[in-house]
1. Tell me, please, whether a residue that is part of a strand (DSSP E or B), crowded, with 19+ Cβ neighbours inside 10 Å, touching a residue at least 40 places away in the same chain (Cβ under 8 Å) and of a type outside the set (Gly, Ala, Ser) can be found in the range 352-370.
2. Consider GLU282 carefully, then state whether it is at pLDDT 80 or above, under 23 Å from the mean Cα position of the chain (by Cα) and within 30 Å of ASN1070 (Cα to Cα).
3. Give me a count of the residues in the range 233-250 that are of a type in the set (Ser, Thr, Tyr), closer than 17 Å to THR267 by Cα and in a loop (DSSP other than H, G, I, E, B).
4. How many residues are surrounded by 15 or more Cβ atoms within 10 Å (Cβ to Cβ) and part of a loop (DSSP other than H, G, I, E, B) when one looks only at the range 646-675?
5. Exactly one condition in (1) surrounded by 16 or more Cβ atoms within 10 Å (Cβ to Cβ); (2) more than 36 Å from the chain's Cα centre (by Cα); (3) not hydroxyl-bearing (Ser, Thr, Tyr) is false for ASP210; which is it?
6. LYS851 versus (1) assigned to a loop (DSSP other than H, G, I, E, B); (2) charged (D, E, K, R); (3) at pLDDT 85 or above: which is the lone unmet condition?
7. For a quick check of your reading of the model, give me the residue pairs whose first member lies in the range 1086-1109 and is over 20 Å from ASN1053 (Cα atoms), whose second is crowded, with 20+ Cβ neighbours inside 10 Å and hydroxyl-bearing (Ser, Thr, Tyr), with beta-carbon atoms closer than 9 Å and at least 6 apart or on different chains.
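The values are calculated or read from the model by the stated rules, or taken from the named source; none is laboratory data. It should be emphasised that the depicted structure is a prediction, and the values quoted were computed from it without experimental measurement. Heads up, the Cβs are rebuilt from the backbone with ideal geometry, glycines too, and the neighbour counts pull from every protein chain shown.
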Amino acid sequence: MNEFCTLDLTERELEEDEVIDMCQAVREMKEVSRREGAIIMKKWKCVITFLVLCLMVIACKEPVNAEDSEETIVPGYENGFAFDIEVEADSSSVIQAGKEAVFNVTVKNLTGVKLSPVVREYYSNLGTSDSICNADFMSASGDCVKIYDDAIVQNRCHIEIGPNETVKYQVRGIIPEEWSGRNEIIFSLYCDPNEAEGYNTFCNNYCLIDVMEKETVQELQINEEPISFSGDTEMYFTPLETRAYALCMSADGTELKENGAYPVRITWYRLNDNQDWDKIAERDYYTDGKKDFEAECTQYVQAGVKYKIKIETFSLSDVVFKVNIKKSDLAGIYQDLVYRVDKTESDTYCTIESYEGNATEVVIPGEINGYPVKKIDDRAFEGCTSITKVSISENVESLGNDSFSGCSNLKIFELPSTLQSLGGTNEFSNEPIEQVIFPNGSKYGRFENNAFIMNNKLVKYCGGDQDEYIVPEGVLVIGSGAFGNCKLSSIRIPESVYVIGNGSFGNMDLKDCYIANASCQIGTYQDGTDYSPFKSTEESATRAYDVTVHAPSGGVLEKICKDNNIAFESTGEMNQYTDMKVGQVSILGQYSDGKLYGSLAVDEDGVYSMMAGEKMDYMVCDVPNIYGGSWCGMSSLTDISIVDENGAEVSMYVSGTYNAYIYLEKDHKYSVIWDKTYNYDYKTLNCIYFGKYDYALNTVHITQTYINDMENSQIQVDAGTSVSLRVDAKTDVKNRELTYHWYRYENGEKIELEGTDKTFTIDAVDKSSCYICTVSDGFSSEDTSILYVAVNEDAKTLSEISMELLGGFEVGKSAVFAIRIKNCSMESIGGFVTVDYCGDDKESKEFGQLKDNDGQIVNRDTYVSLQPGEIKSFTWTGVVPDDWSETSQMIVGFDMEDDGKQQIFYCVSVADRHVHSYGDWQTIKEPTYTEKGLRTKTCTGCGDVLSEEIPMLVQPVEVPTVPVEQPTVVQSPDTQPAVSAAAPQIGEVVKQGKDSYQITSTESGDMTVTYTESGNTSAKTVTVPDKVVIAGREYTVTDIANNAFKNNKKVTNIKIGKNVTKIGKNAFKNCKNLKKITITSTKLTKKSIAKNAFKGTNGKLVIKVPKNKKKEYAKFLKEKGNKKIVIK
């Protein structure tokens, strides 16, 4: 056992009594146990247990007041207890093992005489026990400090208390380290019975405490060396100043996992007066691949208050992080408003955390220290009863939950046009707001007919009592408690309202409720809770309501009323179909059987996307991104059928669970039928969305190819042989037939053949040919397969060639093929290996590089010998030509000298790509000695125009040392610069000026490069040119590489040339200050721009595009990492 307080203080002599005996026995027990061991300890425990029981019988009784003594008379103690003791833990004391605790003790002398009792305290560790009788007692020593004169009285010493006097003192001591959980400390007084005859002079009381385990977490100190940790952890911080501090956390990028973003969560807690932890902030930060991780979590804190910081690393538990804390200027107090600065990948803004003032009128600024104020935190103004008017400035976008809860005198609310969302579901329902003002107008809110409406939801009725009220048109939802304590006898609700929240009219004696929408949803009594909007006259489970609902019959509203004892009176029949519009979310009316009906017509033939489900975003008609998080219950689209006016079911392709695509034609009227069971969820809207889909869908799949009923894609036969070709395919589109088209590719031409069946027969093969089968479902997709039939020129086959693609195959990118050549004869053979490709220009071309298994280059003139049956393997690597299309082929040959040439055709399909064919340069402006000229050339295929400056003319230079007179040569503006250096190779990265480029094609007339990096890291304006001259040769800039501008914090303006057709992954990632991009290219597509190309860019980024491409580009640019991009 351990002592509660351990101080070396001299003790005065005490009289012999049971308590002294017990304490002495305890000490002896401890000494003996140390010397003799556990066996003797058990014997002493028995002795102590007996003494304790005796003591409890005699003295361990609750102290009572003198006036209650008649009910607690014990023989010899006719007057009851001599003392009254009250004990409590000091509110400023932390009850934690290993730390000092302070207890306040109040003692009252209940006698009329002066007493000199002995001050004592014991402790007992209860654990799970509910009774102190089973607990071990132990003596403790320490200081008892009398508060009224600060006189120190040592423990177990006498103090003097006058007649009926009250004395207060404190007991201090260190909580034993092994303590935890529920514990109990006993405080007692004892004096000589002769001092107070007729009184019980042994009195005690106890204090129950919950002890925190000994502190094992580390305490953060300002500007100390970072603390390393891995996994989840907690740390404490007790600030010395009231100000902002930043928790700085970092990790080495080499330790972070590749790909994807992983969360790290930092949560701040504050220790309250009840020694409980209140959560005050929670923020998430994300890692990014192997990049070094850095995060600063700033918090405004109070001096002397203890804070706990919890860090959760989730999937990164094996990563070593470092953390320290420092002072920060990114939080503080401004006009009595506590604020902090929050940073995201694309924005930096202020959040108002709390209000420290007591003014009647509060203005929340739109900017603090140059940062826009965009958010008011949860409960920021909670309980601010002095406020009567709040004016929120422009920039603020959202209010947190219960931001103004308990503002019992708030009457005028002035809101900005930028405010997009309020906090909880019944925000402001209890505040006495009389007027809401939008001085600059608002897209999201309005104040109409005494109704505060936000996001099409009637948040609060601010008018007084009246006989009847009419809800404004356009309201979709009436919020919970919206009508507070006002008194109405009748209310009229327009057809636009689909949801009425619980308790909306719960405090009024409403008699008549006129609802124009038969599909309007209201809550019901469920599982002991009444979610109805009406006041119930019966509190039993069979609730009754003294109100009549007047609405059209046939809808779900009628069913709800009749199922829940609500009087219903029909005002007509429900209109079955809801008119829907392409490009917006529509709310469908629901019949009593649960089905929903809609009608739809389109302006053009094509594929349309469809999504359906329950939505809690009540601005459904204006949501720019319909795939937002407000869809709370997606529906299986197999429950939806669409038929035309003749009853024919429309073809539908369901992708995954919640996305479908349908083919619709103009001049038709379609009916949408959604078979949905009503689930009594009055908080959601049943919504459906249709939008034009202009992208290809991969719905057709060729599953197998056959030649002569054998699974194969190529065959070698003798001339005159009959060959049967077959393709098996399937489509994911419901109610759609497949069509087949056959072609023969010969001498660079694609010749259509007669035949639309899956099988095509060649009666007598006369020469080697490549056959193409294209399968389509007439929806938006097709698939192509290529089958090769080779005719033997000689009866014997000396060699076999096979070829296989390794990895990806993309125009302009490097591709790798594995090639094998086998000697099929019984003799040694030899020859030369060639690899070419045949594109749309019908000419075979050599490209790429061939290497053997030893890594040695194999050229066209490298002789390769094979022994009988021997197989040799090769690897071919090259950049896929820009003109590659579905008819292009790889051609691998093995020329065996006098024995002829064996070759195969290997076909790999990619999307067709337009290749410019430019005419000759035309001089627009001649250069002079003082001004540059200008020349252009035009593509004969698409009309694209290239422009180029002509350098100024150079003055001739005299060379006097040369005796022969030399003619002055002036370079013609049409003269191409001379080749000044060796041409770079494909894949080589070269610098031109300060920028870097990678060579992607060196073909004459079509030389291209990829822009890889801007070398001038301090430049604010950067141009990706149309063309660039490298080593005297002109190259077209077609691509922007992955990570080309990544993490460039200086650039603010980028111009992209008109020849760029592709933008790589993370090309502009984290360009925080990039404000403008000008795209002059008209050749970009959704697929040619990588998904995260603009991730982490400035939230106010403006992208200027060609006018004729604005509508098309706007559809996909915002999907590439920054949804806040403005397209102009």
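1. Checked against the condition, which is being part of a strand (DSSP E or B), crowded, with 19+ Cβ neighbours inside 10 Å, touching a residue at least 40 places away in the same chain (Cβ under 8 Å) and of a type outside the set (Gly, Ala, Ser), the range 352-370 yields at least one hit.
2. Spelling it out, GLU282 is indeed at pLDDT 80 or above, under 23 Å from the mean Cα position of the chain (by Cα) and within 30 Å of ASN1070 (Cα to Cα).
3. Residues meeting the conditions: 1.
4. Count: 4.
5. (1)
6. LYS851 satisfies all of (1) assigned to a loop (DSSP other than H, G, I, E, B); (2) charged (D, E, K, R); (3) at pLDDT 85 or above except (1).
7. SER1088/THR1061; LYS1109/SER1081
Rundown of residues vs (1) at pLDDT below 85; (2) among the β-branched types (Val, Ile, Thr); (3) assigned by TED's automatic domain parsing to the domain that holds VAL1105, yes/no style:
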| residue | (1), (2), (3) |
| --- | --- |
| GLU1003 | yes, no, yes |
| THR1008 | no, yes, yes |
| THR1012 | no, yes, yes |
| ILE1030 | yes, yes, yes |
| LYS1050 | no, no, yes |
| LYS1062 | no, no, yes |
| LYS1065 | no, no, yes |
| LEU1074 | no, no, yes |
